Amino acid sequence: MTSEPRTTYLAGAIEYAADGGIAWRREIAEWLDHELGHKVHDPTEHDFQQLTDEEKENLRIWKETNLPRFRQAIRKIIHHDLRLLLEHTDYVICRWCPGTSKGGGTHGELTMAYWHQIPVYLLLDAPRSEVSSWILGCATAVFENWDDLKAELKQLYDTPSEGTT
């Protein structure tokens, strides 16, 4: 009997991350697939797919020039991300870097995950003293480095293949 692979949501800075939050997500997604056979929801890959070509082209401009139009477009992304998080996610991995504090999405995602009892594994890429107490409270476990986080995930989710003892 095969079961569906676990799925994780990759939370963290996008708007205020130097590379749009892409590099770390690609790296951990590859590791999760190779080591645990898990799927990922990566908002850097699918968020803009929710928008029309006009919205993609003008989103950042509208943030300053047309707030109603901006809100209409950004709410498509918010709706999509929260639906994935709440309906199709087994656990969350969040990388908290200095840019994360400037945004709002990650705060909301971790709060919703906590409220809906979805485990949150928080990797600190910023001093703990600079991370919101609320965020630390939403985390199931907090890690200072990738190796410790990966070791925990392997311990929790790495199941032997059928037929092995």
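We did not get these values from a lab; they are worked out from the coordinates using the rules stated. Since this is a predicted model, take the numbers as computed values, not measurements. Cβ: placed from backbone, ideal geometry, glycine included. Neighbour counts: every protein chain shown.
Here the Gaussian network model covers the chain, with springs between Cα atoms less than 10 Å apart; of Q49, Q117, Q155, Q155 fluctuates the most. So what does the Cα-only Debye profile of the chain read at q = 0.11, 0.14, 0.19 Å⁻¹, as log10 I(q)/I(0), no solvent term? Debye intensities relative to I(0), on a log10 scale: -0.48, -0.75, -1.27. With Cα atoms defining each centre, the stretch 95-165 and the stretch 27-78 are spaced 21 Å apart in the structure.
Per the helix-only calculation at 222 nm, which mean residue ellipticity applies to the chain, given -39500 (n - 2.57) for every DSSP H run of n ≥ 4 and division by its residues, nearest 500 deg cm²/dmol? Roughly -14000 deg cm²/dmol at 222 nm, from the helical runs in the chain.
Quick check: residue separation of T159 and E35 times 0.36 nm, minus the Cα distance between them. What number comes out in nm? Write down the numbers at each step before the final one.
Values: separation 124, 0.36 × 124 = 44.64 nm, distance 1.05 nm.
Using 0.36 nm per residue and subtracting the Cα-Cα distance, I get 43.6 nm.
Measuring between alpha carbons in the structure, the pairs from K56/K76; K76/K150; K63/K102; K102/K154 lying more than 22 angstrom apart are K76/K150; K102/K154.
Note the direction-averaged projected area, equal to a quarter of the hull surface, for the Cα convex hull of the stretch 78-165, in nm². All intermediate terms of the calculation are to be shown ahead of the outcome.
Numbers: hull surface 27.3 nm².
Dividing the Cα hull surface by four gives the mean projection, 6.8 nm².
The alpha-carbon atoms of the stretch 1-65 define a convex hull whose volume equals 100 cubic angstrom per residue.
With a cut-off of at most 10 other beta carbons within 10 Å, and DSSP calling the residue loop, which GluC sites (Glu not before Pro) in the stretch 99-148 qualify? Please list them.
Numbers: sites: E109, E130, E144; in loops: E144.
Sites meeting the loop and neighbour criteria: none at all.
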